[in-house]
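Below is one structure, written out as structure tokens, with a few remarks after it.
The values are calculated or read from the model by the stated rules, or taken from the named source; none is laboratory data. This structure is a prediction, so every number in the text was calculated from the model and none was measured. Note: ideal-geometry Cβ built from the backbone for every residue, glycine included; neighbour counts use all protein chains shown. The accessibility values were calculated without ligands, DNA or RNA, using every heavy atom of the protein model including side chains. Shrake-Rupley method; radii C 1.70, N 1.55, O 1.52, S 1.80 Å.
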Amino acid sequence: GAAILYAFCPLSIENMSAHVFFISAAVYLPLIILGIEKIIAGDKPYLLSAAVMLSALSNIYFFYMNVLSTVFYCAIRVLFMEKEWKDRIIIVLRVALYSFIGVMMSAVVFLPMLNTMLSNTRLDTKVATGLFYDKETYVRMYEGLAFGGDNFFGGFSAVVMLAIILLFLKKKNPTLI
């Protein structure tokens with residue numbers, strides 16, 4: 001359910017209409033997470049390697065965002081498992097190994113992209129905003145959070161907000177989001 005909400009939130013729909021390139025992270029992150037779940041279940045790890053490879057091939061910026069999200073998901077998921085610590089560590093090592101294999105399968109494209117990004121002069125650019133936004137920006141963010149649209153880049157619709165609230169009220173398994 002969460003993957004569908006993620007893929008069809010106003011941000012994804014708006015960016016997908018501009019260019020398919022922007023929807024790639026919304027496609028690959030659920031596949032990566034499904035690959036992690038397959039490893040946890042003891043299934044074959046091919047999906048994780050393939051999803052990591054495709055994510056790395058499509059764009060380095062979206063790839064590193066998927067990596068951060070995946071590390072966060074994997075850490076929370078493994079932390080709340082009802083397994084011995086030895087088994088948890090083995091799962092994390094398997095996820096890391098098959099993710100690395102996926103990166104290596106994309107290395108022909110990924111490494112030149114990484115080199116270009118790290119040698120870019122924009123890395124030295126200072127941040128244009130201060131520590132806080134002005135009051136009007138925060139008001140527009142909350143409007144966009146509730147109603148979607150251009151007021152807040154990353155806004156949710158009211159239905160998604162309700163689904164998130166219901167997700168956390170459900171006591172079945174709060175670690176699986």
Q | Residue count for region 28-39, restricted to those that are surrounded by fewer than 20 Cβ atoms within 10 Å (Cβ to Cβ) and among the aliphatic types (A, V, I, L, M) | A | 2
Q) Would you pick out the residues in region 117-141 that are within 30 Å of residue 50 (Cβ to Cβ), surrounded by 10 or more Cβ atoms within 10 Å (Cβ to Cβ) and more than 23 Å from the chain's Cα centre (by Cα)? A) 120
Q.
residue 81 - would you say it is modelled with pLDDT of 70 or more and open to solvent by less than 60 Å² (accessible area, probe 1.4 Å)?
A. yes
(Q) Return the residues of region 60-78 that are open to solvent by less than 80 Å² (accessible area, probe 1.4 Å) and free of Cβ contacts under 8 Å to residues at least 40 places away in the same chain; say none if nothing qualifies. (A) 62, 67, 74, 75, 78
Q | Out of 127, 139, 95, 159, sole residue that is at pLDDT 70 or above, out of contact with any Gly (no Cβ under 9 Å at 6 or more places or on another chain) and either over 28 Å from residue 39 (Cα atoms) or not small (Gly, Ala, Ser) (or both) | A | 139
Q: Six or more apart or on different chains, Cβ under 6 Å: which pairs go from a residue in region 37-52 that's under 16 Å from residue 73 (Cα atoms) to one that's open to solvent by 70 Å² or more (accessible area, probe 1.4 Å) and at pLDDT 95 or above? Could you list them?
A: 39/94
